[in-house]
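Accompanying notes for the structure given below.
The values are calculated or read from the model by the stated rules, or taken from the named source; none is laboratory data. Here the structure is a predicted model, which means the values were calculated and not measured. Ideal geometry is used to build each Cβ from the backbone, glycine not excepted, and the neighbour counts take in all protein chains shown.
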Amino acid sequence: MTKSALITGISGQDGAYLARLLLDKGYDVWGFQPRRSTDTLWRLREVQAEDDVRLINGDLTDLSSVLRAVEKSRPDEVYNLGAQSFVGSSWDQPLLTGQATGIGAVNVLEAVRLAAPEARFYQASTSEMFGLIQAERQDENTPFYPRSPYGVAKLYAHWMTVNYRESFGLHTSSGILFNHESPLRGLEFVTRKVTDAVARIKLGLQNELRLGNLDAQRDWGFAGDYVDAMWRMLQQPQGGDYVIATGRTVSVRRFCELAFSHVGLNYEDYVKVDPAFYRPAEVDILLGNPAKAQRVLGWQATTALEDLVAMMLETDLARVQRGARN
C-alpha cells in the first residue's frame, strides 16, 4: 500500500526537499501550512513538487486545524518542520516563537496521539539547543544550554517529543540537525545572505556586505542530505534522537572567503562588520558528532562545504541575472 506522509512547514527549505524525497519514494505527500497572501510555494516549484503535494491550510498554534489535517491525511509518517525558524527574530518575537516552535510541536504530537497513534513522528530539533557548548563535539548525550528564545522553544519541543515516546508509546524521533543550507535557504539566513550578496556584487548591483560576528563557527551541511536522515529515522523499529552533522566546523569568515573566491573576488574588500547584526547572546561554535546516525541509520553527509557554497552561489548568480528575488 502507498504510504502517506504529512509535513508541517512544507513551504520551507527542508519541507521542499523532504517532499521531493518522499514523492520519489512513492508516498502520498500532504503539506500543512498557514494561508498567506505572499507566495510561499516557490521552493516546491524549484524541486518540481508543487503539483504533486496536497496542501492543507492551518496553523500550528491551532490544535483544531492540526487535528483536522491529521484526520484528513491519515498519515503513516508525520514530519514536524514548522516553526518560527529564524534565530535572530526570536529575541524580538519570543512569545510567537514559543507558541509556534514550542507549543506548535506539542499540538502536532497531541493530534497524532488522538487521531493517528500508529503514525511515526519526526521532530525537527536543532543544534541551537546546545548553545553555550558543554563539550568540544556535541552528540546525543551533550547537555543542552540554549542561548536564544528559539533554542529554548526548540528544547521544549524536543523534550516533549521524548515524553510522548515514553508516556504514550508513540514512535517519535528527533533529529538534532546542525546548520544545513541550500539554494532554497531564505535570504534572512547568513549563508544565503552571503551568496546572494556575492552574486549582486559580482554583477555590479551591490557594493558591500554587512555582517555581524565573522568568527562564529558552524557545522554546515546540505539540506538535501539531511532530509534523507529524517526519513531514515522513521524507518527504525523504535524512535530515537540523532545528531545530524558533517563533523566539520568553519567560521562565517571562511564561508565568505569561499563564496567571494568562487567568483574571483577578495572578501576583505567587500565585507563590513556591523554591530547591529550581533546576537544578544552569541553561540560561538557548534561542531556535531554524527557517529550514532552513521552507525544506526547508515547515514553520513555527502556534500562538501565547498561544493555547497558553489551550488548556492551559482544558483544565486542565475537568479540575480533573471531578476528573481527569492
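Summary table
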item	result
Top-ranked residue in the stretch 233-288 [being touching a Gly at 6+ places or on another chain (Cβ under 7 Å) and assigned to a helix (DSSP H, G or I); ranked as surrounded by the fewest Cβ atoms within 10 Å (Cβ to Cβ)]	Phe277
Residue count for the stretch 78-99, restricted to those that are out of contact with any helix residue (DSSP H, G or I) (no Cβ under 8 Å at 6 or more places or on another chain) and under 13 Å from Thr8 (Cβ atoms)	0
Residue selected from the stretch 289-304 under the condition assigned to a helix (DSSP H, G or I) and without any contact (Cβ under 8 Å) to a residue 24 or more places away in the chain, by the criterion farthest from Ala216 (Cα to Cα)	Arg295
Residue within the stretch 219-236 that is out of contact with any His (no Cβ under 6 Å at 6 or more places or on another chain), hydrophobic (A, V, I, L, M, F, W, C), farther than 24 Å from Ala5 by Cβ and modelled with pLDDT of 95 or more present	yes
Test: residue in the stretch 195-214 that is assigned to a loop (DSSP other than H, G, I, E, B), on the phi < 0 side of the Ramachandran plot and either crowded, with 20+ Cβ neighbours inside 10 Å or of a type in the set (Val, Ile, Thr) (or both)	no
Residues satisfying the stated conditions in the stretch 50-70, i.e. farther than 18 Å from Gly104 by Cβ and either surrounded by fewer than 18 Cβ atoms within 10 Å (Cβ to Cβ) or out of contact with any Gly (no Cβ under 7 Å at 6 or more places or on another chain) (or both)	Glu50, Asp51, Asp52, Arg54
Residues that are in contact with a Phe, Trp or Tyr (Cβ under 6 Å, 6 or more places away or on another chain) and within 20 Å of Thr126 (Cβ to Cβ), drawn from the stretch 64-84	Val78, Tyr79
Given (1) surrounded by fewer than 17 Cβ atoms within 10 Å (Cβ to Cβ); (2) farther than 17 Å from Ser261 by Cβ, index of the condition Ala310 fails	(2)
Subset of the stretch 44-97 [closer than 23 Å to His180 by Cα, among the charged types (D, E, K, R) and part of a helix (DSSP H, G or I)]	Arg45, Glu46, Glu50
Any hit, the stretch 66-85, residues being closer than 30 Å to Pro280 by Cα and β-branched (Val, Ile, Thr)	no
